[in-house]
1. Which one is surrounded by the most Cβ atoms within 10 Å (Cβ to Cβ) among residues in the range 49-66 that are more than 13 Å from the ligand (Cβ to nearest atom) and free of Cβ contacts under 8 Å to residues at least 12 places away in the same chain?
2. More than 13 Å from the ligand (Cβ to nearest atom), open to solvent by less than 60 Å² (accessible area, probe 1.4 Å) and not in a helix (DSSP H, G or I): does that describe Ala129?
3. Given the criterion in contact (Cβ under 8 Å) with a residue 60 or more places away in the chain, of a type outside the set (Gly, Ala, Ser) and in contact with a Leu (Cβ under 6 Å, 6 or more places away or on another chain), identify the matching residue among Cys84, Cys14.
4. If Arg50 satisfies all but one of (1) in a helix (DSSP H, G or I); (2) over 16 Å from Val161 (Cβ atoms), what's the number of the condition it fails?
5. For the range 1-34, what are the residues that are within 16 Å of the ligand (Cβ to nearest atom), open to solvent by less than 50 Å² (accessible area, probe 1.4 Å) and part of a helix (DSSP H, G or I)?
6. Quick test of your reading of the structure: Ala162 fulfils all but one of (1) over 22 Å from Ala13 (Cβ atoms); (2) open to solvent by less than 70 Å² (accessible area, probe 1.4 Å). Name the failing condition by number.
7. Is the range 78-85 home to any residue that is outside any helix (DSSP H, G or I) and not hydrophobic (A, V, I, L, M, F, W, C)?
Amino acid sequence: VPSPIGHALGALACGWLAAPPPDSRPRLFVQAAILAAVGVAPDLDILVDRHRAESHSLAAALIVAAVAAWRRWPVADTRWRIGCAVFLAWASHPLLDAFGHDAKPPLGTMAFWPVSSEYYKFPWTVFAAITRRWHGPQFLVYNGLAVLRECLILVPVTAAVAWWRGLRRS
Ligand SMILES: [Zn+2]
């Protein structure tokens, strides 16, 4: 599964589809920081040892989007756009994970919880697994290459969305 860097990039690309990057720099930084954080947040489930389960579902994305729209998180001007952007940013996480590999089964994500507790994964592996065994000798090299691979794939995608959605200043 991708690293936090890959997830942040994916969340920006998806979130900007609904809420374009604002013109003002300070507002852009706040918006991008929120969308990136939303994209990384599902992996906090590692802390409670429920990795890739309920937090990695479309239902979780809906709940967070509803809270964001209700509390008017500063990612867009209207509640509708706020909700859509946060939903897409959160949903980008299980989407990317479904293209990734992980060492620990069950592989995939519980995307359709609570309707189904099955784990879903695409048959194609695009992203390498990130190892959390930080004391292993290969940790830096292995994860460095995995992050490089994510960036090579996701930076062009995110940049293309940003350009298309109006972030064209020099
Ligand atoms: Zn994840």
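1. Top of the filtered list is Ile63.
2. In short, no.
3. Just one listed residue meets the conditions, Cys14.
4. Only one criterion in (1) in a helix (DSSP H, G or I); (2) over 16 Å from Val161 (Cβ atoms) is unmet by Arg50, namely (1).
5. Once the filter is applied, which keeps residues that are within 16 Å of the ligand (Cβ to nearest atom), open to solvent by less than 50 Å² (accessible area, probe 1.4 Å) and part of a helix (DSSP H, G or I), the range 1-34 yields Gly6, His7, Ala8, Leu9, Gly10, Ala11, Cys14.
6. Condition not satisfied by Ala162: (1).
7. yes
For every residue, the table says whether it meets (1) over 20 Å from Ala41 (Cβ atoms); (2) in contact with a His (Cβ under 6 Å, 6 or more places away or on another chain); (3) modelled with pLDDT of 95 or more.
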{"site": "Ala66", "(1), (2), (3)": "no, no, yes"}
{"site": "Pro74", "(1), (2), (3)": "no, no, yes"}
{"site": "Ile82", "(1), (2), (3)": "no, no, yes"}
{"site": "Ala91", "(1), (2), (3)": "no, no, yes"}
{"site": "Tyr119", "(1), (2), (3)": "no, no, no"}
{"site": "Phe127", "(1), (2), (3)": "no, no, no"}
{"site": "Pro137", "(1), (2), (3)": "yes, no, no"}
{"site": "Val147", "(1), (2), (3)": "no, no, no"}
{"site": "Gly166", "(1), (2), (3)": "yes, no, no"}
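The values are calculated or read from the model by the stated rules, or taken from the named source; none is laboratory data. No experiment lies behind these values; they were computed from the predicted model shown. As a convention, Cβ positions derive from the backbone with ideal geometry for all residues, glycine included, and neighbour counts pool all protein chains shown. These area figures cover heavy atoms from the full protein model, side chains too; ligands, DNA and RNA do not enter into them. Shrake-Rupley method; radii C 1.70, N 1.55, O 1.52, S 1.80 Å.
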